[in-house]
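A short worksheet on the structure shown next.
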Amino acid sequence: MPTAVTQHEQTLHFLKPAKPSENSAEALSRQSIEALFNLPFSDLMFKAQQVHREHFNPNEVQLSTLLSIKTGGCPEDCGYCPQSVHYNTGVEASKLLDVEEVKAAALEAQKNGASRFCMGAAWREPKDRDVEKVAELVRTVKSLGMEACCTLGMLTESQAGTLKQAGLDYYNHNLDTTPELYGDIITTRDYQERLDTLAHVRSAGMHVCSGGIVGMGESRAQRAGLVHQLANLTPYPESVPINNLVQVEGTPLHGTESLDLLEFVRTVAVARITMPKARVRLSAGRQQMGEAIQALCFMAGANSIFYGDKLLTTGNPDWQKDQALLGKLGISTT
Ligand code: SAM
Ligand code: DTB
Ligand code: SF4
């Protein structure tokens, strides 16, 4: 029988001790992350499943429901985003929702099975008086017994402290892409400002939710660059949303060549391997994905989804459709 060790078996072996199971820092090189991306698909999936099963029940997925609490009119120029004031996308600007509107949406999400309620606002950064209002919304969500998450743009240390005091569990702030592409996609802020907000969220004692978008015309090496940044945050994020670009007419990225969805699955698998204890969330883009690709993502270690018929301004599969898919796959929810 042949006993020769193939090149990719060597790669798998080499990668085995690459990261301890704790959320601690043992720097992962960008090269080793690229090597994961380059594995034969079945080897990558196998490795991701091994890691997933060490840390989670592979047949369980967490459900987060999103609500846009303040839509549109954003001064930032993120090239993917329909809510930027710089692009003509038909999204109308609206004011911050009030407590009763948010409570009704959270109750509905809870009734449908979501455990986490995520409130998103189209701000570059909130004013202190906005943070006070959002703190009230956080207290309302927490009083229902749900986990609360917010994504409001850049935060100062003291704003992060106010949200933590209100009971906020997670703050979402995505790195979005690899550092060298960032300036091509957003010019109104820089990467370091994203990292600074994440540091403020950490020092306030909240869990970090941070991920990115693929399908923005990046190369595989650049997808590895994004994962490299996320996995080397110390500690790495507790929650990692992987979005596939939702192309919205009027945004600069509309018309970008679509990503081969097997590359999306690879990105999920590499995120799982490099951030073993994180909730890896299959995020925007599910409506365009089909059931088979979503099933592959769960097999690759995704164990959270955005759940509910809307993301912020674009569509998402309705909850009955998701329940049917999860049922077919024998996946239970938390
Ligand atoms: N304004 C805040 C900010 O940018 O941090 C919070 C809301 S913003 C809409 C949250 C995230 O949604 C972005 O960081 C980006 O990752 C994601 N997003 C926005 N538009 C998207 C799109 N068209 N497709 C996929 N993800 C998108
Ligand atoms: C994240 O990573 N994806 C969500 C959430 N965090 C806030 C947002 C996706 C937005 C997709 C475009 C839209 O609906 O406007
Ligand atoms: Fe504004 Fe956030 Fe959209 Fe960028 S992603 S334009 S910061 S709402």
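Nothing in this text is a laboratory measurement; each read-out follows from the coordinates by a stated rule. Predicted model, so just to flag it, every value in this text is computed and none were measured. Note that each Cβ is placed from the backbone with ideal geometry, even for glycine, and that neighbours are counted across all protein chains shown.
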Fill in the blank from the handout: For residue 66, the residues 5 or more places away or on another chain with a placed amide H closer than 5 Å to its own amide H are 118, 307
Fill in the blank from the handout: HN-Hα couplings for segment 38-50 via Karplus (6.51, -1.76, 1.60; θ = phi - 60°), in whole Hz with x for Gly/Pro, come out as 8, 5, x, 3, 5, 5, 5, 5, 4, 4, 5, 5, 4
Problem - Amide hydrogen neighbours beyond the local backbone of residue 188, cut-off 5 Å, H modeled - result: 77
Completion exercise
Protection proxy (average C-beta count within 10 Å per residue), highest first, orders 236-248, 41-53, 62-74 as 236-248, 62-74, 41-53
Practice task
Step through the residues of segment 172-188 one at a time and calculate ³J(HN,Hα) from phi using the Karplus curve (6.51 cos²θ - 1.76 cosθ + 1.60, θ = phi - 60°), rounding each to whole Hz and writing x for Gly and Pro.
Solution key: 9, 8, 8, 6, 6, 7, 6, x, 6, 9, 3, x, 7, 9, 9, 10, 8
Fill in the blank from the handout: Expressed in angstrom and rounded, the centroid-to-centroid distance over alpha carbons for segment 258-304 and segment 77-91 is 26
Handout entry: Shape call, the chain: gyration tensor on alpha carbons, a/c limit 1.5
Key = prolate
Completion exercise
Cβ density ranking, 10 Å radius, fewest first, applied to 89, 234, 314 yields 234, 314, 89
Practice task
Can you tell me how much longer the chain between residue 111 and residue 165 gets when fully stretched, taken as 0.36 nm per residue apart minus their C-alpha distance, in nm with one decimal?
Solution key: 16.8 nm
Fill in the blank from the handout: Calculated from DSSP helices alone, with each H run of at least 4 adding -39500 (n - 2.57) and the total divided by the residues of the chain, [θ]222 nm to the nearest 500 comes to -12500 deg cm²/dmol
Problem - Spin-label model distance (nm) - residue 257 vs residue 291, 7 Å beyond Cα toward Cβ - result: 3.2
Exercise for the section: Could you work out how far apart the two model spin labels at residue 133 and residue 99 are, taking each label as a point 7 Å from the Cα in the direction of the beta carbon, and quote it in nm? Expected result: 1.4
Handout entry: Ordering of 92-103, 216-227, 28-39 by burial proxy (mean other Cβ atoms within 10 Å per residue, highest first)
Key = 216-227, 28-39, 92-103
Fill in the blank from the handout: Restricting to Cα pairs under 8 Å and 6 or more apart, the percent relative contact order of the chain works out to 23
Exercise for the section: Could you tell me how many degrees, from 0 to 90 and to the nearest 10, lie between the Cα long axis of helix 319-329 and the main elongation axis, the longest principal axis, of the Cα atoms of the chain? Expected result: 20
Completion exercise
Taking Cα atoms only, helix 191-203 is inclined relative to the longest principal axis of the chain by an angle, in degrees rounded to 10, of 80
Completion exercise
When 55, 173 are ranked with the fewest other C-beta atoms within 10 Å first, the list becomes 55, 173
Completion exercise
Result for the chain, cysteines with no Cys Cβ partner under 4.7 Å, is 74, 150, 209, 297
